[in-house]
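Colleague: Take this structure, written in structure tokens, and hold onto it; I'll ask about it next.
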Amino acid sequence: NAGVTQTPKFRVLKTGQSMTLLCAQDMNHEYMYWYRQDPGMGLRLIHYSVGEGTTAKGEVPDGYNVSRLKKQNFLLGLESAAPSQTSVYFCASRNRGYTEAFFGQGTRLTVV
Amino acid sequence: GESVGLHLPTLSVQEGDNSIINCAYSNSASDYFIWYKQESGKGPQFIIDIRSNMDKRQGQRVTVLLNKTVKHLSLQIAATQPGDSAVYFCAEGISGAGSYQLTFGKGTKLSVIP
């Protein structure tokens, strides 16, 4: 089983460029999440989705947009990248009624 | 705002000894707690969880203790091995309709000395 797959694994962007991070899960989970991880900050929730076609803001949503057009996919978009968005991004999914969230391997994004 | 925190950012333990990683939480509404392990270059991996109606739960070589009186959570790893070297995060959540978020602490780095 693939679990949670994130693409790409690495990316370097110039300030002002846009990009989309893709998260795909094959476990039929209802809930999906996007986190960013910065040194000394732990994991902070950007956006999440509780089902196909629904999204909601997390702790640090500014500068990001998301879409959940299909249950298995959760896209994270950066409209105009800024150096402050340099981070490692993790996607996670969880089944309704269960506490365990499954994480992808992460996307290391550098904005120069 | 309320958040999950940790007492120690780093912990060095001799191989074979027991490790104890601590976590303080402040959201009294949280009713479940999870410990995650994150190895270098990988995503967090679920270790064990505990509901707020319990004060202890055991897994394979791991035990989580919950003290709701002082809002404290700990992870005990028995006979620590080199493969246990990682960053450990505690996280808290609220179950039930309308509650979907999991709040993570900043992490403790565990280093096992061979």
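The values are calculated or read from the model by the stated rules, or taken from the named source; none is laboratory data. This one's a predicted model, so the numbers in the text were calculated from it and none came from an experiment. Backbone-built Cβ (ideal geometry, glycine too); neighbour counts: all protein chains shown.
Colleague: Suppose we filter the range B:86-114 for residues that are surrounded by fewer than 19 Cβ atoms within 10 Å (Cβ to Cβ) and either more than 28 Å from residue A:31 (Cα to Cα) or away from chain A (no Cβ under 14 Å) (or both); how many remain?
Modeller: So the answer is 4.
Colleague: Restrict the check to the range A:76-96 and report whether at least one residue is basic (Lys, Arg) and modelled with pLDDT of 95 or more.
Modeller: No: the range A:76-96 contains no residue that is basic (Lys, Arg) and modelled with pLDDT of 95 or more.
Colleague: Please verify whether the range B:61-83 includes one or more residues that are surrounded by 21 or more Cβ atoms within 10 Å (Cβ to Cβ), within 13 Å of chain A (Cβ to nearest Cβ) and not acidic (Asp, Glu).
Modeller: yes
Colleague: Now for a different question. Filter the range A:1-28 down to the residues that are at positive phi and within 13 Å of another protein chain (Cβ to nearest Cβ) and list them by number.
Modeller: The one that is at positive phi and within 13 Å of another protein chain (Cβ to nearest Cβ): A:3.
Colleague: Scan the range A:5-28 residue by residue and report those that are under 22 Å from residue A:110 (Cα atoms), touching a residue at least 60 places away in the same chain (Cβ under 8 Å) and assigned to a strand (DSSP E or B).
Modeller: A:5, A:6, A:7, A:10, A:11, A:12, A:13, A:19, A:21, A:23
Colleague: Take the range B:20-34 and flag every residue that is in a strand (DSSP E or B) and surrounded by 21 or more Cβ atoms within 10 Å (Cβ to Cβ).
Modeller: Keep residues of the range B:20-34 that are in a strand (DSSP E or B), which gives B:20-25, B:32-34.
If the condition is that a residue be in a strand (DSSP E or B) and surrounded by 21 or more Cβ atoms within 10 Å (Cβ to Cβ), then B:21, B:23, B:25, B:33, B:34 are the ones that fit.
Colleague: Considering only the range B:35-114, give the strands (runs of 3 or more DSSP E) lying wholly within it that have at least 3 residues that are modelled with pLDDT of 90 or more and over 20 Å from residue B:11 (Cα atoms).
Modeller: Strands (runs of 3 or more DSSP E) meeting the threshold: B:45-51, B:56-58.
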